[in-house]
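Participant: One structure, as structure tokens, below. Some questions next.
The values are calculated or read from the model by the stated rules, or taken from the named source; none is laboratory data. Remember, predicted model here, so these are calculated numbers, not experimental data. Glycine also receives a Cβ, built like all others from the backbone with ideal geometry; neighbour counts cover every protein chain displayed.
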Amino acid sequence: MIQSICQRPRLGHRLAVFAFVICFQIASVFAVEMVTFKSSEDDLVNGIPKPVRTVKGRILVEAQDGGLMLQSDDGRIWMIQPEQIIKRESNEDAFEPISSDEMADRMREELPPGFAIYQTAHYIIAYNANEAYVKQVGLLFEQLHKGFYAYWRNQRWRLPEPEFPLVALVFADQGDFLKHATVEVGDTANVVIGYYHLSSNRMTTFNVPNLNRNVSTIIHEATHQLAYNCGLQTRFADNPMWVSEGLALFFEAPDYKSASKWRGVGRVNEVNLQRWKLFAPNRPADSLVTLISDDERFRDTDSATDAYAEGWALTYYLLKTHREEYVAYLKELSEGKPMRKKTPRDRVEMFERIFGKPIAELDKEFLLYMRRYLGS
């Protein structure tokens, strides 16, 4: 099972403990701020702790108690507690993201010796792995980028290019991967071979000797990265996990007959189809309601596999049979603001309003489709 980190970042506990007061404001995205703040012990540059940072960026959210959600010019989002702030200055300059070349230079400064940079048309890959493997990964990224944008254009949704350079880290082996990933995602690093990180905005993986095993993970996590950088989803807004994971699973399905092991979008995800078939006979009557209303099934180890399978199945069904409504649903979700969460009831009402029928009615149609067309 692929468990994405995109919805549950640990970030050395920095995000986990950052709680906004209920009354907060969405800050202007135009003014530039320079914020100097005390960092945490796991904030490293070139392998060395950086106890104090000065970050140039824009304030996305400012809490009533002075806490900040700050987005730097490389796309990273920093959660800064009021007691961490040392100095704060602002000006009226327009916020400007750094260029790809500037991002590459910044990565060279940030990472330990032994890392190199490989740039493709749309990606910056920092690596200490085998260069031939990194080029294969870069090819997959570019194939996904082309297929992703083509797919949504075909749905009459012209998504903008990412505002910030897309960055990936490829480590030589699992040992190097764990040293980096454990700081960001904790013990979860031991059970994944790649993840997209909401705060750093980077995708991270390592050189798995069997590329076939890694293809699904690379495409899955890179889909998350694209979705959060092209306007399809908003980072730290209310993004239901069935949507985020369902989309990534919809895009990831490998094609082992092709040279690159991935050839297109929307093929049946055989792994999750089989998981759905095991789940369907004992599926609770309220399964669709619990899937849509909150994300708890994805976070519970006993129910996560079934939740991922159902998230894929529902996404596949809706994109095959209710495509216009599904795109309208995504568009409304994409307008969500950071740190603003919907209640379970709000989630259900939004779903029923856009799809034009009660969930119970759509659930019957969904089950019939899965049995008739996918033999489940």
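Participant: Report every pair of residues separated by at least 6 positions or lying on different chains whose Cβ atoms are under 9 Å apart, first residue within segment 62-76 and under 17 Å from TYR228 (Cα atoms), second hydroxyl-bearing (Ser, Thr, Tyr).
Facilitator: GLY75/SER200; ARG76/SER199; ARG76/SER200
Participant: Would you confirm whether any residue within segment 263-271 is surrounded by fewer than 21 Cβ atoms within 10 Å (Cβ to Cβ) and modelled with pLDDT of 95 or more?
Facilitator: Within segment 263-271 (the criterion being surrounded by fewer than 21 Cβ atoms within 10 Å (Cβ to Cβ) and modelled with pLDDT of 95 or more), the answer is no, since none of the residues qualifies.
Participant: Name the residue that is surrounded by the most Cβ atoms within 10 Å (Cβ to Cβ), counting only residues in segment 357-366 that are of a type in the set (A, V, I, L, M) and within 28 Å of the chain's Cα centre (by Cα). Can you show your working first?
Facilitator: Let us first name the residues in segment 357-366 that are of a type in the set (A, V, I, L, M), namely 359-360, 362.
Imposing the further condition that a residue be within 28 Å of the chain's Cα centre (by Cα) reduces the set to 359, 362.
Details: ILE359: 18, LEU362: 21.
Across segment 357-366, the extreme among qualifying residues is LEU362.
Participant: Is there any pair linking a residue in segment 188-202 that is in the same structural domain as THR305 (by TED's automatic domain parsing) and on the phi > 0 side of the Ramachandran plot to one that is assigned to a helix (DSSP H, G or I) and among the aromatic types (Phe, Trp, Tyr), with Cβ under 9 Å and at least six apart or on different chains, and which?
Facilitator: No pair meets every condition.
Participant: Of all the residues that make up segment 69-83, how many are crowded, with 23+ Cβ neighbours inside 10 Å and over 19 Å from the mean Cα position of the chain (by Cα)?
Facilitator: 1
For every residue, the table says whether it meets (1) touching a strand residue (DSSP E or B) at 6+ places or on another chain (Cβ under 9 Å); (2) loosely packed, with under 13 Cβ neighbours inside 10 Å; (3) more than 18 Å from THR234 (Cα to Cα).
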position: ASP302; (1), (2), (3): no, yes, yes
position: GLY311; (1), (2), (3): no, no, yes
position: THR321; (1), (2), (3): no, no, yes
position: GLU324; (1), (2), (3): no, yes, yes
position: LYS331; (1), (2), (3): no, no, no
position: PHE355; (1), (2), (3): no, no, yes
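Participant: Can you report the number of residues in segment 213-231 which are surrounded by fewer than 22 Cβ atoms within 10 Å (Cβ to Cβ) and among the hydrophobic types (A, V, I, L, M, F, W, C)?
Facilitator: Total meeting the criteria: 1.
Participant: Contact list please: Cβ distance under 9 Å, first residue in segment 218-230 and closer than 16 Å to PRO240 by Cα and outside the structural domain of PRO162 (by TED's automatic domain parsing), second residue modelled with pLDDT of 95 or more and not in a helix (DSSP H, G or I), pairs at least six apart or on different chains.
Facilitator: Correct list of pairs: empty, since none qualify.
Participant: Moving to a separate point now. Is there a residue being in contact with a helix residue (DSSP H, G or I) (Cβ under 7 Å, 6 or more places away or on another chain) and loosely packed, with under 11 Cβ neighbours inside 10 Å anywhere in segment 90-106?
Facilitator: No, because not a single residue in segment 90-106 is in contact with a helix residue (DSSP H, G or I) (Cβ under 7 Å, 6 or more places away or on another chain) and loosely packed, with under 11 Cβ neighbours inside 10 Å.
Participant: Among the residues of segment 320-364, write down those that are touching a His at 6+ places or on another chain (Cβ under 9 Å) and acidic (Asp, Glu).
Facilitator: Hits for segment 320-364: nothing passes.
Participant: Do any residues in segment 82-111 that are among the aromatic types (Phe, Trp, Tyr) have Cβ atoms under 8 Å from those of residues that are assigned to a strand (DSSP E or B) and crowded, with 17+ Cβ neighbours inside 10 Å, where the two are at least six apart or on different chains, and which pairs are they?
Facilitator: Cβ pairs passing all conditions: PHE95/VAL32; PHE95/GLY57; PHE95/ARG58.
Participant: Also, quick follow-up: Looking only at segment 134-181, filter to residues that are of a type in the set (S, T, N, Q) and closer than 28 Å to SER334 by Cβ; which one of those is surrounded by the fewest Cβ atoms within 10 Å (Cβ to Cβ)?
Facilitator: Ranking the candidates gives ASN154 first.
Participant: Further question: What helices (runs of 4 or more DSSP H), lying completely within segment 280-353, carry at least 2 residues that are over 22 Å from TRP152 (Cβ atoms)?
Facilitator: Details: elements: 287-293, 296-299, 304-321, 323-334.
In segment 280-353, 287-293, 296-299, 304-321 are the helices (runs of 4 or more DSSP H) which contain 2 or more residues that are over 22 Å from TRP152 (Cβ atoms).
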